[in-house]
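A.B. asks: A single structure is presented below for examination.
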């Protein structure tokens, strides 16, 4: 649609036949139109008025959320990979400039390297290895305590007198 005035879609009928292919198509068209208008900067109230939505701004918001939910999203791994490819492309261009004597790109190259390391997880502390070290230390202390405890009960101890401390009055 190239015109500034969007076409009017028929208003949804309450309790309509949701299994009807034409009704489904109209609902999808309405959602797409809501998304298009919202991206264009329209408020939900303006969208409801433009599309003759009887549910008003709240219904326009519901349609907007449904339209967004229908858009497939990339996984985090795919997004990370795409960003790494973009960084590679930038780095190639900057390195070509560096080879031609432009030393002003060095700081940009360092930032790209830093961002790549962050995305790749190189700066993450390895909590697992820290946890293993801590667990080994605790295990060593427990083993020493257990050995001392076992040694104390292996050799009979001298009987000791029971000392009774008088209560304070």
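A.B. asks: Could you tell me whether residue 94 is at pLDDT 80 or above and under 27 Å from the mean Cα position of the chain (by Cα)?
C.D. replies: The answer is no for residue 94.
A.B. asks: Hey, residue 112 hits all of (1) at pLDDT 85 or above; (2) exposed (fewer than 11 other Cβ atoms within 10 Å of the Cβ) but one; which does it fall short on?
C.D. replies: (2)
A.B. asks: Just the residues that are surrounded by fewer than 18 Cβ atoms within 10 Å (Cβ to Cβ), in a helix (DSSP H, G or I) and either modelled with pLDDT of 90 or more or in contact with a helix residue (DSSP H, G or I) (Cβ under 7 Å, 6 or more places away or on another chain) (or both), please, taken from region 37-58.
C.D. replies: Correct list: 45, 46, 49, 56, 57, 58.
A.B. asks: Return yes or no: is residue 68 modelled with pLDDT of 90 or more and in a helix (DSSP H, G or I)? Reasoning before the result, please.
C.D. replies: Values: modelled with pLDDT of 90 or more: no; in a helix (DSSP H, G or I): yes.
Here the answer is no, as residue 68 does not meet what is asked.
The values are calculated or read from the model by the stated rules, or taken from the named source; none is laboratory data. As the structure is a prediction and not an experimental result, all values here were calculated from the model. Here Cβ is always computed from backbone atoms with ideal geometry, including for glycine, and neighbour counts include all displayed protein chains.
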